[in-house]
1. How far apart, in nanometres, would the label points at Ala126 and Asp150 be if each is projected 7 angstrom from Cα along the Cα-to-Cβ direction?
2. Taking the Cα centre of the stretch 35-159 as origin, work out the dipole magnitude from +1 charges on Lys and Arg Cβ and -1 charges on Asp and Glu Cβ, in debye rounded to 20.
3. For the residue pair Leu106 and Ser65, what label-to-label distance in nm results when each label sits 7 Å from Cα along the Cα-to-beta-carbon direction?
4. Going 7 Å from the Cα of Gln160 along its beta-carbon direction, which residues of the stretch 91-105 have the amide nitrogen within less than 20 Å of the resulting point?
5. So between Gln96 and Glu142, what do we pick up on full extension, going 0.36 nm a residue minus the alpha carbon distance?
6. In sequence order, what are the phi-derived ³J(HN,Hα) couplings for the stretch 149-160 according to the Karplus relation 6.51 cos²θ - 1.76 cosθ + 1.60 with θ = phi - 60°, rounded to whole Hz, with x for glycine and proline?
7. Could you go through the stretch 114-121 in sequence order and give the Karplus-derived ³J(HN,Hα) for each residue, using 6.51 cos²θ - 1.76 cosθ + 1.60 with θ = phi - 60°, rounded to whole Hz, and x for Gly and Pro?
8. Tally Lys/Arg at +1 and Asp/Glu at -1 over every other residue whose Cβ is under 11 Å from the Cβ of Gly60; what's the total?
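None of the figures in this text is laboratory data; all of them are computed from the coordinates on show. It should be emphasised that the depicted structure is a prediction, and the values quoted were computed from it without experimental measurement. For neighbour counting, all protein chains shown are included, and Cβ atoms are generated from backbone atoms with ideal geometry for every residue, glycine included.
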Amino acid sequence: MNPPRPARLLRRCLCAAALAPAVLVGCEDVGLVAYSDTADVGMSAEQRMDVSPADAIDFGMVSTSGTSSVEELILTNTGTSVLPVIDVYMDEFTSQAYYIGDDLPLPLRLQPGAAFTLDVYFKPYAVGEFSGGLVIEVEDAEELAVVERDLKGLGCEDGQPQAQGGC
């Protein structure tokens, strides 16, 4: 029987982790995989992925009364073998103002040299700063690699001065 995937394991252990980070070792599996937060993911030349942009995704100022703002995240297989993207989701601390489309074809099998554009949306529901994190799980030959991108945006109100939360 395969052990639970680390990201899923972490989600199951969220309450315990919030109480005491050391509790994670008691959650069904003691061997959590080290996560990668770099633009180039993979343990071998055969399985590598470039994630662009390499830094946080900044939506800037977006009106609370307008349509959603969209930013693209490009996943490119820079390796020599198929790279399975297992899951893409918002972390547990992400504002509900951020979302990805429901039509994401997961698991996504990126062929060598292929790229996939992931649309990330921001629709602020109030004036103020919003933050969050996007998580991408990639199955490497021997383990699960996780890439995270910070999300930030500012909700503003049309017709108001900037000092009062206007756009």
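1. It works out to 2.2 nm between the two label points.
2. Dipole about the Cα centre, nearest 20: 280 debye.
3. The two pseudo-label positions are separated by 3.6 nm.
4. 95-98
5. Full-extension gain reported as 13.2 nm.
6. For the stretch 149-160, the Karplus curve yields 10, 6, 10, 8, x, 10, x, 9, 10, 4, x, 10 Hz.
7. For the stretch 114-121, the Karplus-derived couplings read 7, 10, 10, 9, 9, 8, 10, 10 Hz, x marking Gly and Pro.
8. -1
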